[in-house]
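Report on the following structure.
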Amino acid sequence: MLTLLFDGIAYGMLLFILAVGLAVTMGLMNFINLAHGAFAMAGGYITVLLMQRLGVPFLLCLVVAFLGAALLGSLLERTLYRPLYGKPHLDQVLFSIGLTFMAVAGTSYLVGPSQQMVQLPDWLKGRTEIGEGAWMLGMGHYRLFIIAVCAALTLGLQYVLSRTRFGSRLRASVDDQRVAAGLGINVNAVFLLTFAVGSGLAGLGGALGAEVLGLDPSFPLKFMIYFLIVVAVGGTSSITGPLLAALMLGIADVAGKYYVPKLGGFIVYSVMIGILIWRPQGLFVRRGGKPK
């Protein structure tokens, strides 16, 4: 039982890192970017290709995956996304869905449709067991690594958003762009950096999740619904809501697939529906401005 809880927490933390960038763009920037999973897929493929073809160490690949996805996000934000900030949400949805299918088709053409495997370093392989019987806790070393990395990122994000000058500028830009610009804040630069960091986190999540979730060109489509569940259930007022939602989703998914494999998906969606009936606006909500 404790092992299932541990695996569920690791899975939930991974989903949080994958989805937190979407929570920022939807909640703070009021932009619906359903192509968010494509940035995660980019980070995963960057890691796989660097390790397989160039022999780059795994930890360095994680850094490159973050930077590569962030750079891709910044380029697309400047060229494609920014003109759509003031458009209706339906336009944003159709545009980002189109980008998702383009990413899937392009990746399948360039890399191939087969699933990619990640060869973890030896120190991340193996498992440590504590206790005996039903209460034995089995901790996979890689899942423990995922929890540690995601916990550190969560604390860092919380600090940046709530305690730094950039966080205050982002909140000011979201609440009222004209006033923020009048105070000397470069709103476009703030949104550009925010979008780039969110894309980079998605890329890092894709790199970390390639071994756990699997990686193939359909990755953005398979996990899009999970990202949306995290954002819808957690709300967008802060990163606390998406974190709790991701943990609940991860634990429910792992437990459901273990105890009732045929009803695993049913359990996840039942939990989501129950929470949204209880709190239609999500666990935490903050109304932000709309970038234009």
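Looking at the range 175-202 only, could you name the residues that are without any contact (Cβ under 8 Å) to a residue 12 or more places away in the chain and not in a helix (DSSP H, G or I)? If the condition is that a residue be without any contact (Cβ under 8 Å) to a residue 12 or more places away in the chain and not in a helix (DSSP H, G or I), then Leu183, Gly184, Asn186 are the ones that fit. Under the condition of being in a loop (DSSP other than H, G, I, E, B) and either polar (S, T, N, Q) or at pLDDT 90 or above (or both), the residues counted in the range 122-150 number 0. Looking at the range 189-202, is at least one residue touching a Pro at 6+ places or on another chain (Cβ under 6 Å), over 15 Å from Gly8 (Cβ atoms), of a type outside the set (A, V, I, L, M, F, W, C) and modelled with pLDDT under 90? Within the range 189-202, none of the residues are touching a Pro at 6+ places or on another chain (Cβ under 6 Å), over 15 Å from Gly8 (Cβ atoms), of a type outside the set (A, V, I, L, M, F, W, C) and modelled with pLDDT under 90. Does any residue of the range 158-174 turn out to be more than 23 Å from Glu77 (Cβ to Cβ), of a type in the set (Gly, Ala, Ser), part of a helix (DSSP H, G or I) and out of contact with any Cys (no Cβ under 6 Å at 6 or more places or on another chain)? Yes.
Restricting attention to the range 151-174 and to residues that are of a type in the set (A, V, I, L, M) and touching a residue at least 40 places away in the same chain (Cβ under 8 Å), the residue that is surrounded by the fewest Cβ atoms within 10 Å (Cβ to Cβ) turns out to be Ala151. Out of Ser218, Ser238, Ser270, one residue alone is out of contact with any strand residue (DSSP E or B) (no Cβ under 7 Å at 6 or more places or on another chain), surrounded by fewer than 21 Cβ atoms within 10 Å (Cβ to Cβ) and either touching a residue at least 12 places away in the same chain (Cβ under 8 Å) or of a type in the set (Asp, Glu) (or both). It is Ser218.
Taking the range 241-252, which residues are of a type in the set (A, V, I, L, M) and surrounded by 24 or more Cβ atoms within 10 Å (Cβ to Cβ)?
Once the filter is applied, which keeps residues that are of a type in the set (A, V, I, L, M) and surrounded by 24 or more Cβ atoms within 10 Å (Cβ to Cβ), the range 241-252 yields Leu243, Ala245, Ala246, Leu249.
Can you tell which of Ala181, Ala148, Ala189 is surrounded by fewer than 16 Cβ atoms within 10 Å (Cβ to Cβ), under 18 Å from Leu67 (Cα atoms), among the hydrophobic types (A, V, I, L, M, F, W, C) and over 15 Å from the mean Cα position of the chain (by Cα)? Result: Ala189 is the single residue among Ala181, Ala148, Ala189 that is surrounded by fewer than 16 Cβ atoms within 10 Å (Cβ to Cβ), under 18 Å from Leu67 (Cα atoms), among the hydrophobic types (A, V, I, L, M, F, W, C) and over 15 Å from the mean Cα position of the chain (by Cα).
The values are calculated or read from the model by the stated rules, or taken from the named source; none is laboratory data. This is a predicted model, so every value here is computed, not measured. As a convention, Cβ positions derive from the backbone with ideal geometry for all residues, glycine included, and neighbour counts pool all protein chains shown.
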